[in-house]
Amino acid sequence: MTRLSVNINKIATLRNARGGNNPDVIKSALDCERFGAQGITVHPRPDERHIRYDDVIELKKVITTEFNIEGYPDDRYMELVKRVKPAQATLVPDGPHVLTSNAGWDTVAHEEFLKEITADLKKAGVRVSIFVDPDSKMVENTAKIGADRVELYTESYATKYFEDKEKAISPFKKAAEAASKSGLGINAGHDLDLDNLAYLAKEIPEIDEVSIGHALICDALYLGLENTIQMYLKQLKV
């Protein structure tokens, strides 16, 4: 069954908006675990506008499920990941001023760079996932780079879901097939929510993990965090 990793960036955004420690990011992560989440995801950015680098270090001390650190692999990110040693590092091609992830890696153009980064992280004992668009060529080259998993960037699926869900998911099914044939694990994330998650999990059951933050935290404002996590887990039990 596909596992749920909760991205807690938005909890940190709310905290940072007022200063202080309300909501408490550490407590929120522990609550997500207690309510059934099978992983915690963070994406620290250079300006620390949500998750701070110090948060990552403190979270590592208490998280008992799978810890996933997303980010662009600059020197600061690499130093943090090798210090914290999470279960997984997810490499994204975001520049420092990007609001949110908006494209996958071109794993052909950046093959040598990603090979070096991937080898360095794996040497540190960290599983490596590379964020890519649903393009079989990019997926296959992710395997050549030496990554353990590929994370499929699902914005296009979410955007087109209500228009034609079969057409929307088609490239993702092909990309997932390419990943499986290449020996890669499969993650997915971006704009997944209670409307489109169950169909994704049903059509691509080989997905190992979904990372969901924005929609889940928004739903929690109305439904409560515990209830929301249970609802997302239910979507994955197909």
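The values are calculated or read from the model by the stated rules, or taken from the named source; none is laboratory data. Owing to the predicted nature of the structure, the values given are computational and were not obtained by experimental measurement. Quick reminder, even Gly has a Cβ in these numbers, built from the backbone with ideal geometry, and neighbours come from all protein chains shown. Calculation scope for accessible area: heavy atoms of the full protein, side chains included, ligands and nucleic acids excluded. Shrake-Rupley method; radii C 1.70, N 1.55, O 1.52, S 1.80 Å.
Values for this structure:
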{"read-out": "Calculated P(r) tail over 15 Å for the stretch 1-85, as whole % of Cα pairs", "value": "54 percent"}
{"read-out": "Over 28 Å (Cα to Cα) - which of 27/234; 82/181; 123/202; 10/85; 123/234 fall in this group", "value": "82/181; 123/202; 123/234"}
{"read-out": "Using a Förster distance of 35 Å, the FRET efficiency for residue 122-residue 47 (Cβ separation, nearest 0.05)", "value": "0.80"}
{"read-out": "Accessible area per residue in Å² at 1.4 Å probe, computed on the chain", "value": "46 Å²"}
{"read-out": "Percent accessible area from carbon and sulfur atoms, the stretch 149-224, protein chains only, probe 1.4 Å", "value": "49 percent"}
{"read-out": "Unit charges at the beta carbon, dipole of the chain: most positive-side option, 200, 40, 211", "value": "40"}
{"read-out": "Length added when fully stretched, residue 193-residue 26, from 0.36 nm per residue minus Cα-Cα", "value": "57.8 nm"}
{"read-out": "Calculated [θ] (222 nm, deg cm²/dmol) that DSSP helices of n ≥ 4 give over the chain, each run adding -39,500 (n - 2.57)", "value": "-14500 deg cm²/dmol"}
{"read-out": "With every protein chain in place, the stretch 25-118: carbon and sulfur % of accessible area (1.4 Å)", "value": "52 percent"}
{"read-out": "Viscosity 1.567 mPa s, temperature 4 °C, Stokes-Einstein D of the chain from Kirkwood C-alpha radius, µm²/s", "value": "73 µm²/s"}
{"read-out": "Cα extents of the stretch 127-202 along the three principal axes, largest first (Å)", "value": "35, 20, 18"}
{"read-out": "Cα centre as origin, Lys/Arg/Asp/Glu Cβ charges: the chain dipole, Debye", "value": "560 debye"}
